[in-house]
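Contents: one structure, followed by commentary.
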Amino acid sequence: MRAALCGLAAAVLCLGSWQTPCEEVSGVQIHTHRAGEGFQEYDIRCGGSSCLSGSRSVSCLLVRDLYEASLRPVFDGPELRNMGVSREWLETVAVRALDRYAPSLCEDMSEDQEQLFRRQFTDVTTIDRVVSAAYAEEVAPHPVVDTGWPNDYPSLSVLLTTVEGGEVRVESTSTMPFMLPWTVRMAGQTFRTYNADIAATLAALLPEGFANRERLTMAGFERFLAWAVFQEISSEWDALEVQKRLKADLDVLRREYELSDMRLESESSLFLESPIERLVVRMRVRGAPLPVYVGASLSLEGDRVKDIGEVMAGLRDCRELILSIPWLSSELTRHEDVELEIAYGGDRSMSYYQIWDYEQDMAALGRKDLARLVGGYRRDKCLLKIIEPGAWSQWIALSDRRMILWRLSGDRTLRWTAEALGASEGRSPSYRIAVAVVSKKGRISEP
């Protein structure tokens, strides 16, 4: 198919190569639409050596360029060179991209964050990867970047009529920059192409203010790249933001943990006088004989972690309790592909909501005795998740080193089957609820 189209395009171009620009095309009809702006039309009539839209003169060279771009061999995917992207262009645009398209990020941006963005934005390999991935998924713009045009249901169609009565139709409803891909219909054949030259010539032909014109331009592509690169670096950006605000307390945490996946979260509601900020971070215990992680959500007071000393002491108590349970240490040693993650929020491992949630599950099973065993809102317990390939289980470790299995996602966990652990359907299809209590030596003491 592609070979046939290439041959057709070559034949048409060769045939018309001796002609003056306007002798191949007799007319161009452009119809464009964008939500909120209605339909707009732009008609061009060509004859002899001139083209007109109404009484306005239109470049014959641009009409010819649009015609030839429509006939060119198919681009099966976006190509940076075809889009006008080079390292030199990226370096020029990087200077203004964040400030112009994501001003909220620039208000208090650190030097490290700016360098991260520029380093990724000017890396051609990175840009090629993120552009290809974005067009493959046709993803929507990120709200942090001022795209100016989210999914506004665009459409643009072009009818090129030749002097011999032939027609070439070019259409797109894509929300992506340059409105790629384009659908081209000619000589009884239909194909899709990622040729950005079609967009470039249309942008040059259409008057300022026409619907979707900016989407066809490099300015629209700059906005898109600012979004795409920010998506690529968002985790690192968040970590740098955390580092900038909480350096002193992060240094305290790093004495005992390796930190990763750091970000700041904010919670607000009508019932709160002011938003609550939290540091969300995943940490690996330094020097532990087993792979033990902590998934922490720590309350902030200004630019400090609230009660950092108490947090460190509580975390230490939790990990020492868990590492002292003989059967659990043995299982983790035996299964190298299993991870253990301790939950910790605020000043405790098991939050008030999680305790209430556990009580609801046990009440539904008629096992309020297990809820009483957990001991209400005391802080002498640890909530942890055991993560296995394709499955997870959630446990509560008690101060006497017994462990209660709460939920599991698969048919088994570690050495036990779900049936042996007394698992039944949960309130969500994504997990089962269990009623098993396991002694510190690894014996099930509840059916």
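Every number in this text was worked out from the coordinates using simple rules, so none of it is lab data. Note that the structure is a prediction, hence the values are computed from the model and not measured. Cβ sites come from the backbone with ideal geometry, for glycine too, and all protein chains shown count toward neighbours.
List the extent of the Cα atoms of the range 255-438 along each of their three principal axes, largest first, rounded to whole Å.
Cα spread of the range 255-438 along its principal axes, largest to smallest: 48, 41, 30 Å.
Order by neighbour count: Phe191, Phe121, fewest other Cβ atoms within 10 Å first, most last.
Fewest to most other Cβ atoms nearby, the residues stand as Phe191, Phe121.
With Cβ to Cβ distances under 15 Å as the rule, what net charge do the other residues near Glu258 carry (K, R +1; D, E -1)?
So the environment of Glu258 carries a net charge of +1.
Of the GluC sites (Glu not before Pro) in the range 154-234, which ones lie in a loop per DSSP and count no more than 10 other C-beta atoms within 10 Å?
Glu164, Glu208
Connecting C-alpha atoms closer than 10 Å in a GNM of the chain, tell me which of Pro207, Pro389, Pro177 has the biggest fluctuation.
Comparing Pro207, Pro389, Pro177 in the GNM, the peak value goes to Pro389.
Can you work out ³J(HN,Hα) from phi for every residue in the range 48-64, in order, using Karplus 6.51 cos²θ - 1.76 cosθ + 1.60 and θ = phi - 60°, giving whole Hz and x for Gly and Pro?
x, 10, 9, 10, 9, 10, x, 9, 8, 6, 10, 5, 5, 4, 5, 4, 4
Sort Ile233, Ile322 so the one with the fewest other Cβ atoms within 10 Å of its own Cβ comes first.
Sorted ascending by nearby Cβ count, the order is Ile233, Ile322.
Can you compute the radius of gyration and Dmax for the range 47-132, using only the Cα atoms, both in Å?
Considering the range 47-132 through its Cα atoms, Rg and Dmax are 19.5, 60 Å.
What whole-number distance in Å separates the alpha-carbon centres of the range 221-268 and the range 392-429?
33 Å
Calculate, in nm to one decimal, what Glu137 and Thr190 gain on full extension: separation in residues at 0.36 nm each, minus their alpha carbon distance.
16.9 nm
At 222 nm, what value in deg cm²/dmol follows for the chain if DSSP H runs of at least 4 each add -39500 (n - 2.57) and the sum is divided by all its residues, to the nearest 500?
-12000 deg cm²/dmol
Using a basic spin-label model with each label point 7 Å from the Cα along Cα→Cβ, how many nm lie between Ser274 and Ala420?
It is 5.4 nm.
Which angle from 0 to 90°, rounded to the nearest 10, does the C-alpha axis of helix 196-205 make with the longest principal axis of the chain?
60 degrees
For the chain, find the longest principal axis of its Cα atoms and tell me its angle to the long axis of helix 352-364, 0 to 90°, nearest 10.
In the chain, helix 352-364 runs at an angle near 80 degrees to the longest axis.
Could you give the angle, 0 to 90 degrees to the nearest 10, between helix 218-254's Cα long axis and the longest principal axis of the Cα atoms of the chain?
The helix 218-254 is inclined about 20 degrees to the chain.
Do any of Lys385/Lys440; Lys306/Lys368; Lys385/Lys441; Lys381/Lys441; Lys368/Lys441 go past 28 Å between their Cα atoms, and which?
With Cα atoms farther than 28 Å apart: Lys306/Lys368.
Within 10 Å of each residue's Cβ, count the other Cβ atoms and sort Arg316, Arg45 from fewest upward.
The most exposed by this proxy come first: Arg316, Arg45.
By average Cβ neighbour count within 10 Å, what is the ranking of 329-342, 255-268 from highest down?
329-342, 255-268
Taking 1 over the mean of 1/r across every pair of different Cα atoms in the chain, what Kirkwood radius in Å do you get?
Across the chain, the inverse of the average 1/r is 26.9 Å.
Quick check: the distance between the Cα centres of the range 318-334 and the range 63-128, to the nearest angstrom?
First find each Cα centre; the distance between them is then 50 Å.
Go through the range 319-326 residue by residue and turn each phi into a ³J(HN,Hα) via Karplus (6.51, -1.76, 1.60, θ = phi - 60°); whole Hz please, and just put x for glycine and proline.
For the range 319-326, the Karplus curve yields 5, 5, 4, 5, 6, 8, 8, x Hz.
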